[in-house]
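The block underneath contains the structure these notes are about, expressed in structure tokens.
The values are calculated or read from the model by the stated rules, or taken from the named source; none is laboratory data. This is a predicted model, so every value here is computed, not measured. Glycine gets a Cβ as well: all are built from the backbone with ideal geometry, and neighbour counts include every protein chain shown.
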Amino acid sequence: MDNQQRRTSRWAERIISLALFLGIGSLIILVFSPWRPLIKNDSLDYLGRMCLSAILLIFVILAYNRNWWVKYRPLLMALGILSVGVLVDVVFGVFLIRGLLVTDTTPQGWAIQKLNEAVVVVSTIILLNKTFGGSLGSIYIQKGNLKLGLIIGIATFVLAAAGSVPMAFLFNAKDLTLARIIPWIPWILIIVLSNGFLEELMFRGLFLRKLEPFWGKFLSNFLIALLFTVLHGTVTYSVDNLIFVAVLFPLALLWGYVMQKTDSIWGSILFHAGMDIPIFLGIFSNL
């Protein structure tokens, strides 16, 4: 194979990997979102989720014996795991907890829901990743450069927490007083740490290593940050979604960079958690 053929083959692999990641990833996260699903009929929504998960897992199995698909198997595996994680999240992390009469009308209710969701989805991802032969390190759940990760994570968490009250007004906060905020602190900590772990694992932990063989570190991080930002483009808790996504995209890039730099998930979780604090100050002030 000459250089021109190699370049053509390389770009073909990149285009296929991009189509798989953005196409199927958008289907999982946007159409079958556990938070804002586009299909309003519950029966059709569940059927679609189950069919998508089954199809992806079948492709992962078939990729074992198909030389042409072997290189895409890790990416297909990550997409399949994400699909099952979102399916399990809807059943156990959303509807079941509501069936137990836990609501989002109190900080305690928010904390129980988010902790339950994180435990359910994180456990599912770890279990399926192990089942398909992946190590914890393959999804960045490892020590890595723990010292650097903790320095970055704790420093950014503290800075974000210190500036969280003025930033909270970007999320419709009102009447924020010390007397109101202090009782919320334990619940906010549970929520932001749970959400940080959940989202960092679902997006960057699952996909960074899977996309890097095709796109390299920077562009892999860029693509994941793009999908992550698009997912959050329709949130209802921001006073201005354009400003929100304009800030979120570089933050998402930084979270990915920290994960790659430290070769672990812990610094990114703490950084992400800190930036979520003003969001929940805004939400809780309106309960």
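One residue is enough: does the range 206-215 have a residue meeting the conditions part of a loop (DSSP other than H, G, I, E, B), farther than 20 Å from GLY282 by Cβ and touching an Asp or Glu at 6+ places or on another chain (Cβ under 8 Å)? There is no residue in the range 206-215 that is part of a loop (DSSP other than H, G, I, E, B), farther than 20 Å from GLY282 by Cβ and touching an Asp or Glu at 6+ places or on another chain (Cβ under 8 Å).
Results for (1) under 24 Å from SER135 (Cα atoms); (2) among the hydroxyl-bearing types (Ser, Thr, Tyr); (3) touching a helix residue (DSSP H, G or I) at 6+ places or on another chain (Cβ under 8 Å); (4) surrounded by fewer than 18 Cβ atoms within 10 Å (Cβ to Cβ), shown as yes or no for each residue.
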site	(1), (2), (3), (4)
TYR237	no, yes, yes, yes
ASN241	no, no, yes, yes
ALA246	no, no, no, yes
LEU251	no, no, yes, yes
VAL258	yes, no, yes, no
THR262	yes, yes, yes, no
ILE265	yes, no, yes, no
LEU270	yes, no, yes, no
GLY274	no, no, yes, no
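Among the conditions (1) in contact (Cβ under 8 Å) with a residue 60 or more places away in the chain; (2) more than 15 Å from the chain's Cα centre (by Cα), the only one that ALA273 does not satisfy is (2). Residues in the range 224-234 that are closer than 18 Å to TRP35 by Cα and either basic (Lys, Arg) or under 15 Å from the mean Cα position of the chain (by Cα) (or both): LEU227, PHE228, THR229, VAL230, LEU231, HIS232, GLY233.
When we screen PHE207, PHE222, PHE218, PHE249 for residues that are at pLDDT 95 or above and over 24 Å from GLU13 (Cβ atoms), the only hit is PHE249. The set of residues in the range 253-286 being under 18 Å from ASN221 (Cα atoms) and not in a helix (DSSP H, G or I) consists of ASP263, SER264, ILE265.
Looking across the range 100-122, the residues that are exposed (fewer than 15 other Cβ atoms within 10 Å of the Cβ) and more than 23 Å from the chain's Cα centre (by Cα) come down to LEU100, LEU101, THR105, THR106.
Residue by residue, here is whether (1) in contact with a Leu (Cβ under 7 Å, 6 or more places away or on another chain); (2) closer than 17 Å to PHE197 by Cβ holds:
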site: PHE214; (1), (2): no, no
site: LYS217; (1), (2): no, no
site: LEU223; (1), (2): yes, no
site: THR229; (1), (2): yes, no
site: THR234; (1), (2): no, no
site: ALA246; (1), (2): no, no
site: LEU253; (1), (2): no, no
site: ILE277; (1), (2): no, yes
site: GLY282; (1), (2): no, no
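Scanning the range 1-36 for residues that are farther than 17 Å from ALA78 by Cβ, without any contact (Cβ under 8 Å) to a residue 60 or more places away in the chain and not basic (Lys, Arg) returns MET1, ASP2, ASN3, GLN4, GLN5, THR8, SER9, TRP11, ALA12, ILE15, VAL31, TRP35.
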